[in-house]
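The values are calculated or read from the model by the stated rules, or taken from the named source; none is laboratory data. It should be emphasised that the depicted structure is a prediction, and the values quoted were computed from it without experimental measurement. Note that each Cβ is placed from the backbone with ideal geometry, even for glycine, and that neighbours are counted across all protein chains shown. Only protein heavy atoms, including side chains, enter the accessible area calculation; ligands, DNA and RNA are left aside. Shrake-Rupley method; radii C 1.70, N 1.55, O 1.52, S 1.80 Å.
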Amino acid sequence: SFLWAVAPPETTEGIYLGSLLDDVWSTGSGCERLVAKLASQPKACRRKAWAGEKSMLVSSSWGLSSDGLALLVLSKSLVLPSSIRSNWSTSDATPCKWKGIGCNERSRVISLDLSSSEISGSIGPEIGRLKYLQILFLYANNISGSIPTELGNCCMLEQLDLSQNSLSGKIPQSIGNLKKLSLLSLYYNSLSGTIPEELFMLQFLQEVYLHGNQLNGSIPFSVGQMTNLRSLWLYENMLSGVLPGSIGNCTKLEELYLLDNQLTGSLPETLGEIKGLKIFDVSNNSFTGGIPFGFGENCKLEILILSSNNIKGEIPSWLGNCRSLQQLGLVNNSLSGKIPTSLGLLSNLAYLLLSENSLSGPIPPEIGNCRSLQWLELDANQLEGTVPKELANLRNLSKLFLSSNRLTGNNGFTGVIPPNICSGKALRILNLGFNHLSGSIPSNVLDCPSSERLILRDNNLSESILWLLLGSASCEETWVIDRMNLEPFL
């Protein structure tokens, strides 16, 4: 107790002196600093301290370690549930057996994991006293306030996850001091301001999750310095400006989510330098220009979504090289030209969404080779010709949208509905409305047991629809077959 006469344990001075003592016990160093610090105290305090010198040197029962003291002070701003608070005992020599705490062999705190623990309050500046901390997980709580600048003093930190809280304010520039950081997860908070450029200079960063905040400004050009980056999730913010061409230097990048921002300009051609890119989603932005980047035969793309921008030009044929592609979304752009037949090479494609463009020409029958296809959207284009019978090969298809494919003239789909379009018994929604289809409706379309919605309106079909519906096993489902040309049956 002699030390706390000099500086009480709950004070900053007490934590500092305790830290010096920890160094003495764990490493044998720090004696000179400890002596110098005590020598700077008033004489009365020095006499009391020196009087306890022998007990200090022969026993560690003098009290809780500095890391433990820092955690206790931290718990004054962080409101801990009783199950944790009762376990954090001041009578312990170290906090190494406390809930959520991990230590190294020298009893220094290296991990603090209180994720999903019903914690509220705020993170105090004392967090910066845990200088050996490597892992800080406080995600999925109700922590508010700002991220303290002192967090940048935890220079050993490797993984930081404060996501799914109620944090506000800016991301402190001091995070740039965390040179060993490999994981930064701050998603789903209320953080605002710009992303510090210093953050993107951390060369060991592999995963960055900042989505679901209110971040604004541009993506710094320094993003290209993160040469070990694998995942960059910045979606659902208010980021503006361009996607820097330096992103092409992130050659290990696998996941790039930028959707739901206010980004502008052209997509950089340098994206083609990221050979291992698997997921690229920039939907709901204001990108312009064409699709200037490309991938060769070793394309690794699994998800490519560029929907709801103002991208022009043709759909590139190199997409046929992306044999792992599962989702291709180009909805609501200004794409023109024909649908490339090379898309028929994509045997793993489950979602092909090309609606609301200016695509022309026929539907390639090669699409019928995409045996994994579940959702096909080609509506609201300028496609013409017949519905390929090869679509009947898509036995996993559950949603098919081909409506509104005509110009101001009479360029719509013609011909008949393929008789085996529901052969896979998986089709749930079939929308062929607003075309020029004629002839009869195949009975197995109406009898398809999986059907939930059938839209055939505004065609030239002539069939006793009423009789077919009455005889259909699915007639209790929601059928939208109104406004068709049913003469002479109506």
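Observations on the model:
- Residue-level accessible surface for TRP375, protein heavy atoms, 1.4 Å, Å²: 70 Å²
- Rounded to 0.05, the FRET efficiency of the ASN396 and SER144 pair, given R0 = 30 Å and the Cβ-Cβ distance, is 0.05.
- Label-to-label distance, nm, for residues given as THR90 and LYS338 (7 Å Cα→Cβ offset): 8.2 nm
- Placed amide H near GLU314: partners under 5 Å, 5+ positions off or other chain: SER336
- Taking the accessible area of region 203-284, probe 1.4 Å, and keeping the other protein chains in place, the carbon and sulfur fraction comes to 47%.
- Highest mean packing comes first when the peptides 143-155, 121-133, 284-296 are listed by Cβ atoms within 10 Å, giving 121-133, 143-155, 284-296.
- LYS312/SER192 FRET efficiency (R0 30 Å; Cβ-Cβ; nearest 0.05): 0.35
- Point-to-point label distance, ARG106-ALA350, nm (Cα→Cβ direction, 7 Å offset): 4.9 nm
- Rounded to the nearest whole angstrom, the semi-axes of the ellipsoid equivalent to region 125-268, taken from the Cα gyration tensor as √(5λ), stand at 24, 18, 12, largest first.
- Region 343-357-region 117-135 distance, computed between alpha-carbon centres (Å): 47 Å
- Amide H partners (placed H, <5 Å) of LEU191, local residues excluded: GLN214
- Each residue of region 254-261 was assigned a 3J(HN,Hα) from its phi angle through the Karplus curve 6.51 cos²θ - 1.76 cosθ + 1.60 (θ = phi - 60°); the sequence is 10, 10, 9, 10, 10, 5, 6, 10 Hz, with glycine and proline shown as x.
- Modelled FRET efficiency - R0 25 Å, SER324 with LYS389, Cβ distances, 0.05 increments: 0.35
- Near GLY245: Cβ cut-off under 15 Å, other residues only, Lys/Arg at +1 and Asp/Glu at -1. The net charge is -2.
- Over region 200-331, the pair-distance histogram of Cα-Cα distances with 5 Å bins from zero comes to 2, 11, 21, 26, 23, 12, 4, 1 percent, rounded to whole numbers.
- Expressed in units of 2.2 N^0.38 Å, where N is the residue count, the Cα radius of gyration of region 281-349 is 1.05.
- Multiplying the residue separation of GLU118 and GLU297 by 0.36 nm and removing their Cα-Cα distance gives an extension gain of 59.5 nm.
- In this simple spin-label approximation, ARG453 and VAL242 carry label points 7 Å from Cα along the Cα→Cβ vector, and these lie 4.1 nm apart.
- Gain in span if fully extended, SER82 to GLN214, counting 0.36 nm per residue against the direct Cα distance: 44.2 nm
- Counting only protein chain heavy atoms and rolling a 1.4 Å probe, the accessible areas of LYS275, LYS399 rank, largest first, as LYS275, LYS399.
- Of the accessible area of region 54-171, computed with a 1.4 Å probe over protein heavy atoms only, carbon and sulfur atoms account for 48 percent.
- Label zone (SER360, point 7 Å along Cα-to-C-beta; backbone nitrogen cut-off 17 Å) within region 369-403: 380-386.
- Between LYS131 and ASN228, full extension at 0.36 nm per residue minus the direct alpha carbon distance yields a gain of 32.4 nm.
- Distant-in-sequence amide H partners of GLY385 (H built 1.01 Å from N, under 5 Å): THR414
- Accessible solvent surface per residue of region 128-231, calculated while the other protein chains remain in place, 1.4 angstrom probe, Å²: 38 Å²
- Average accessible area per residue (Å²) across region 276-323 - probe 1.4 Å, nucleic acids and ligands excluded: 39 Å²
- Restricted to Cα atoms, region 187-275 shows a radius of gyration and a Dmax of 12.0, 34 angstrom.
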